[in-house]
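Here the structure comes first, spelled out in structure tokens, and everything after it is commentary.
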Amino acid sequence: MTLISGTAWQKDLTEMRKRFYKIVNILIFCVFVISGCGTVSELSFDTMQVGSEGEEITTLGLSPEFDYEVPESLPSILVNQVGYACRSDKTALFRGEGLPDTFSVVDAESEQIVYSGQIEREESADGTEQPISYGDFTAFETAGTYYIQAAKIGQSYTFVIEDNPYREVYHTALKKYYYNRCGLTLSSELAGEAARNACHAREAQLKDEATVNLDVSGGWHVDELGNRDVSKGCRTADYLLLAYELYPDVFDDQAGIPESGNEIPDVLDEVKYEIDWLLKMQDATSGAVYAGVNTADNKASGYLLYVDGFNMNATIQFAATLAKFSYLYQNYDRVYATQCLQAADRAYRYAGKYLNDITQEEYFHAAAELYRATGAYGYHSVVKDYLLENPITEMKNDYVFLGCVTYLSTKQKVDVSLCGDVMKILMQEGERIAEASKNSGLLVNIDEKQGGDTEMLRDIARLTVVDHIITNHEYTRVLQNHLHYMLGCNMESVSYLDGTGSRNYKNIDESLGIMNQIDLNAELVLMMSAIMEELDAD
């Protein structure tokens, strides 16, 4: 039997202890990680030392990192994050299943419950992935700042109740065009943080003829690159002018633009800024209109401006817009209005030589505007021929819609039978949109899974006109529900309008905004004009 010396035995025992403590350290580490009790940096492995002083200490040598994002928690109670008018319909939306039976309106300052109501359940909600229920608090009309709360699901974002909570939003929407003016210095006094020096004021080079330079300063930027586009500018001006035509009393001369105080409604001053540019885009001899102005960066000489060539769609749309503006502006400056009308006629005649390059709908729209402005038989003949040969079954096409509205509103002699047919289809469109909104979980005519702000605003523009013609409370409520949607009553709890709401689109995705798209913003102005008139009447 061989005896192990004391020194050898102690050495073996030390090695055994090292292995034992290593195993213990591993087990402790695993227990802490699995149980979530602290982080690795909080464990002090070096206190479990073995061996004599100065001996190298063995550790696990691990430095785990926890890198994850906590998903954003959105409220289950959806509200208009700006607010509700005192005497308007007020509905909060509750999403999800297993909801409580009641909800409360809570004063945000005192934390006191000021109103309680029932949650009405909805079995299915078209256009959404979750069931939607509703809580009506229309009866509560006291001005103040509030939020909605309900057991199990928490509370909503705050909102106000006051006579007209949308006035500031409305003015912001209108002033977006001033901020988008090209070739103009925006003063800090009028533009605030948007102040800047004049841009793109130099002459532009004709894209197809490098030796030709043109003065095309002015107009509205249509994108973040500072480009300008005739077709988009015309469509935008058409909807702003329609808003003014239907609701002139909501537009004043105090919007805070350079022309404010000149006794002309600022919306007309703003459109005139675009019209001044459009006139520069027309060839004075032929009447043809260039398509737009694009900006390109050049490292050697800075930015360069290029004018795109003549375009027939731009030309015929120019004719319609200039004619419409002329008709509405004649009471303020007859000389300028006449200049616009003559330019419209030249463009119309030029486009008439190339009918294969434009649509029938564009031609019809321009003829309707020119007929109202002039009363000339030739334009009326085009309008009647189109309506007879193309019976209207819907109003989805912008040019058909705008042309029909103008024909219905003209003081010139019209075909009564054709007007009756057009009116019938327009009323059917209004009823279709209202019915689709009523059957939607979010109370608006949109499918959130498909997106579709463009189609939603297109349809709501139709309903706005119908509501103006017959003044239906149900239609007014649908218009207000669409504004509620844009200001937070949507599945993402996002306010899509600038500077509004607790959860604004700018903090999520810049492309979601409505006001930063000048044509969509014009349709928004039209819808809000109807709402503003209703609230002012109250």
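Structural remarks
- Single unsatisfied condition, Gly430 versus (1) crowded, with 16+ Cβ neighbours inside 10 Å; (2) under 19 Å from Asn472 (Cβ atoms); (3) out of contact with any Phe, Trp or Tyr (no Cβ under 8 Å at 6 or more places or on another chain): (3)
- Verdict on Glu523 being surrounded by fewer than 20 Cβ atoms within 10 Å (Cβ to Cβ), touching a helix residue (DSSP H, G or I) at 6+ places or on another chain (Cβ under 8 Å) and in a helix (DSSP H, G or I): no
- Qualifying residue in segment 142-165 (condition: without any contact (Cβ under 8 Å) to a residue 24 or more places away in the chain, part of a loop (DSSP other than H, G, I, E, B) and over 28 Å from Gly499 (Cα atoms)): no
- Among the candidates Tyr247, Tyr239, residue that is in contact with a His (Cβ under 8 Å, 6 or more places away or on another chain), open to solvent by less than 10 Å² (accessible area, probe 1.4 Å), within 18 Å of Leu526 (Cα to Cα) and of a type in the set (Ser, Thr, Tyr): Tyr247
- Only residues that are on the phi > 0 side of the Ramachandran plot and open to solvent by 10 Å² or more (accessible area, probe 1.4 Å) were counted in segment 491-519, giving 2.
- Look at (1) under 29 Å from Ser188 (Cα atoms); (2) in a helix (DSSP H, G or I) and you find that Asn262 fails only one, number (2).
- Residue check for Glu189: open to solvent by 70 Å² or more (accessible area, probe 1.4 Å) and assigned to a helix (DSSP H, G or I): yes
- Looking only at segment 474-490, and only at residues there that are part of a helix (DSSP H, G or I) and either small (Gly, Ala, Ser) or over 18 Å from the mean Cα position of the chain (by Cα) (or both), the one that is surrounded by the fewest Cβ atoms within 10 Å (Cβ to Cβ): Glu474
- Where a residue in segment 355-373 is in contact (Cβ under 8 Å) with a residue 12 or more places away in the chain and its partner, wherever it lies, is of a type in the set (Asp, Glu), with Cβ under 7 Å and at least six apart: Leu370/Asp345
- Members of segment 196-216 found to be open to solvent by 100 Å² or more (accessible area, probe 1.4 Å) and over 33 Å from the mean Cα position of the chain (by Cα), listed by number: Asp208, Thr211
Matching residues to (1) closer than 30 Å to Leu520 by Cα; (2) open to solvent by less than 30 Å² (accessible area, probe 1.4 Å):
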{"site": "Glu120", "(1), (2)": "no, no"}
{"site": "Tyr146", "(1), (2)": "no, yes"}
{"site": "Ala150", "(1), (2)": "no, yes"}
{"site": "Phe159", "(1), (2)": "yes, yes"}
{"site": "Asp163", "(1), (2)": "yes, no"}
{"site": "Tyr170", "(1), (2)": "yes, yes"}
{"site": "Lys175", "(1), (2)": "yes, no"}
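- Criterion (among the acidic types (Asp, Glu), touching a Lys or Arg at 6+ places or on another chain (Cβ under 6 Å) and open to solvent by 30 Å² or more (accessible area, probe 1.4 Å)) met by exactly one of Asp415, Asp333: Asp415
Every residue, every condition in (1) open to solvent by less than 10 Å² (accessible area, probe 1.4 Å); (2) among the aromatic types (Phe, Trp, Tyr); (3) over 16 Å from Gln205 (Cα atoms); (4) assigned to a helix (DSSP H, G or I), yes or no:
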position	(1), (2), (3), (4)
Ile275	yes, no, yes, yes
Leu279	no, no, yes, yes
Thr285	no, no, yes, no
Thr295	no, no, no, no
Asn313	no, no, yes, yes
Lys324	yes, no, yes, yes
Tyr327	no, yes, yes, yes
Ala344	yes, no, yes, yes
Tyr348	no, yes, yes, yes
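- Listed by position, the helices (runs of 4 or more DSSP H) inside segment 361-473 whose residues that are of a type in the set (Gly, Ala, Ser) number at least 3 are 416-438.
- Within segment 197-226, residues that are farther than 26 Å from Asn516 by Cα sit with their Cβ atoms under 7 Å from residues that are of a type in the set (Val, Ile, Thr) and open to solvent by 40 Å² or more (accessible area, probe 1.4 Å), at 6+ positions apart or across chains, in these pairs: Leu206/Val212.
Yes or no, residue by residue, for (1) at pLDDT 95 or above; (2) over 23 Å from Arg503 (Cα atoms); (3) over 26 Å from the mean Cα position of the chain (by Cα):
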residue: Leu62; (1), (2), (3): no, yes, yes
residue: Pro71; (1), (2), (3): no, no, no
residue: Ser76; (1), (2), (3): yes, no, no
residue: Asn80; (1), (2), (3): yes, no, no
residue: Glu97; (1), (2), (3): no, yes, yes
residue: Asp101; (1), (2), (3): yes, yes, yes
residue: Ala108; (1), (2), (3): yes, no, yes
residue: Gly117; (1), (2), (3): yes, yes, yes
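- For Gly441: the one exception among (1) at pLDDT 95 or above; (2) in contact with an Asp or Glu (Cβ under 9 Å, 6 or more places away or on another chain); (3) open to solvent by less than 10 Å² (accessible area, probe 1.4 Å): (1)
The values are calculated or read from the model by the stated rules, or taken from the named source; none is laboratory data. Computed from a predicted structure; not experimentally measured. Positions of Cβ are backbone-derived with ideal geometry, glycine not excepted, and every protein chain shown enters the neighbour counts. For accessibility, only protein heavy atoms count, side chains too; no ligands or nucleic acids. Shrake-Rupley method; radii C 1.70, N 1.55, O 1.52, S 1.80 Å.
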